[in-house]
Amino acid sequence: AYEQIIPTKYKTQIAVSRDELLRAVKRASLFCAPGMQDVTLRIAPEASGKGQIEVRAQNVQLGEAYAVVAGVVTGEENRVVFNARYLTDGLVHIATPEVLLEVISDSSPGILRPAGATPSHYLYLIMPIKTA
């Protein structure tokens, strides 16, 4: 009954360039806290329907990485923390130039899928990291 953990609805969805998001996550992963590999994603919609995803990671000893990737946002503003390695793995296995990232909250699984594909084509479930 694995279908029970796959979200069927989302509060926030962003369509974004796979390559740009992948580059931003890889850069940010260099500044992640050792062991956690945590990157914070903040998805921010704009009134025009466009929006952006901010990718941030910081390490007290190394500094901070911050990147903004433009996209098309549906829904509300959201913030979630994922493991950079798991997020990278999901992005690498998507062949389309654009991906959809669907998020409910910082405590619910996120979904990565190719833009324009049917839901059964490819789906990557990623669990968020709980932060204090």
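Computed in the context of the full set of protein chains, the accessible area of the chain at 1.4 Å probe radius has 54% of its extent on carbon or sulfur. Considering only GluC sites (Glu not before Pro) in DSSP loops that have at most 12 other Cβ atoms within 10 Å, the longest stretch of the chain without any of them is 78-132.
Note that segment 58-132, at 20 °C in a medium of 1.002 mPa s, gets a Stokes-Einstein diffusion coefficient of 155 µm²/s from its Kirkwood radius over C-alpha pairs. Electrostatic tally near Ala24: other residues with Cβ closer than 14 Å to its Cβ, Lys and Arg +1, Asp and Glu -1, net +2.
Karplus-derived 3J(HN,Hα) values for segment 108-113, using 6.51 cos²θ - 1.76 cosθ + 1.60 with θ = phi - 60°, are 10, x, x, 10, 10, 8 Hz; glycine and proline are entered as x. Val60 sits with roughly 150 Å² accessible to a 1.4 Å probe, with DNA, RNA and ligands left out of the calculation. Radius of gyration over Kirkwood radius for the chain, both on Cα atoms: the Rg/Rh ratio is 0.95. Between helix 18-29 and the chain there is an angle of about 30 degrees, using the helix long axis and the longest principal axis of the Cα atoms. Loop sites here are trypsin sites (Lys or Arg not before Pro) outside DSSP states H, G, I, E and B with no more than 14 other Cβ atoms within 10 Å. The longest part of the chain free of them is 10-129.
The values are calculated or read from the model by the stated rules, or taken from the named source; none is laboratory data. Here the structure is a predicted model, which is why all the values come from computation and not from measurement. Every residue, glycine as well, gets a Cβ built from its backbone with ideal geometry; the counts of neighbours run over all protein chains shown. The accessibility values were calculated without ligands, DNA or RNA, using every heavy atom of the protein model including side chains. Shrake-Rupley method; radii C 1.70, N 1.55, O 1.52, S 1.80 Å.
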